[in-house]
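Rule-based calculations on the coordinates, nothing more; no lab input. Every value quoted in this text rests on a predicted model; they were computed, and no experiment measured them. So basically every Cβ, Gly included, is an ideal-geometry build from the backbone, and we count neighbours across all protein chains shown.
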């Protein structure tokens, strides 16, 4: 596992946490699961790429996880 080479301010940490919490709740995924950890890693990559607002990160994460517009749970 690589660690990010950037820092997050408190607001960005809150954005990350809220987006991950919402994603896990929407997709009925345990926030402590391996799946959630993979989503967190993807979200950190997106933050590093410049998606640092709640809306921007949420949209980018949804696109990154379901590029064909499919529901991540397969429904």
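Quick notes on this one:
- Distance between modelled label sites at residue 42 and residue 17, nm, 7 Å Cα→Cβ extension: 2.3 nm
- Virtual spin-label span in nm between residue 53 and residue 65, 7 Å along Cα→Cβ: 2.1 nm
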